[in-house]
Amino acid sequence: MSTPRIVLASTSPSRLSILRGAGIEPITAAPEVDEDTLIASLADASPAHVVETLAKAKAHAVAERFPDDVVIGGDSMLLIDGELQGKPHTVERTIARWQSQRGRTAELITGHCIVTPKGEHVEAAITTLDFAEVSDEDIRAYAQTGEPLKCAGAFTLEAMGGWFIDGINGDPSSVIGLSLPVVRRALYRYGYSVSQFWNK
């Protein structure tokens, strides 16, 4: 029996880079999901359930097209002051976010849904982040690069945002957008090995 392919239900460069760095060249497919409507319908759900539900919606939107493959869906949001925050989208919102979160500790929650021909695995990875005491000048300059506008928590760990993260407690890959340990557990659960998917 042939090995299924890995399909990433995302066009995120960060998620793609994690898999490539880990030896896998996935197929990428953009999921068609109305995230805002879905989040609004989950007003009373726990933060972990919200990101898991978003990840499930993305994975299943793509899995219909790839029934014989392993499809990975993910979604990340920052939990601070009891509220989930997604992508800031604008420079102004990014600046406001950073002025609020600098010098503080928050949790980045990354939901995963891995759909295989044998079943699905849903799991959230939670990593604690220590944001640095960033100067107003650097906050403005970072926002104006455009890098954090489409990132949960308004930062990247692996690029320019790495200057402003003092510490993390948890899985670094989940902060970038996809937890390799979670994907490994999903593969093992359904009888796959990680190495069978590595680029040969």
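In summary, the lysines within cross-link reach of K56, defined as a Cα separation below 27 angstrom excluding same-chain residues under 8 places away, comprise K87, K118, K150. Going from the residue with the fewest nearby Cβ atoms within 10 Å to the one with the most, E137, E25, E120 rank E137, E25, E120. Going from the fewest other Cβ atoms within 10 Å to the most, the residues D81, D130 appear in the order D81, D130.
Taking the Cα centre of the stretch 6-195 as reference, the dipole from Cβ charges on Lys and Arg (+1) and Asp and Glu (-1) amounts to some 460 debye. Taken along the Cα-to-beta-carbon direction at a fixed 7 Å, the label points for N169 and T145 span 2.7 nm.
As a rough footprinting exposure proxy, the listed residues M77, M160 were ranked by other beta carbons within 10 Å of their own, and the order from fewest upward is M160, M77.
Dimensions of the chain based on its C-alpha atoms, expressed as ranges along the principal axes with the largest first, amount to 57, 38, 26 Å. Each label was represented as a point 7 Å from its Cα along the Cα-to-Cβ direction; for R104 and H89 these points are 2.1 nm apart.
Quickly estimate the mean residue ellipticity at 222 nm for the chain, helices only: each DSSP H run with n ≥ 4 gives -39500 (n - 2.57), and the total goes over all residues, rounded to 500.
Computed ellipticity for the chain at 222 nm equals -9500 deg cm²/dmol.
Read-outs: derived from the displayed coordinates by stated rules, not from any lab. All of these numbers come straight from a predicted model, not from anything done at the bench. With ideal geometry, Cβ positions are generated from the backbone for all residues, glycine too; neighbour counts draw on all protein chains shown.
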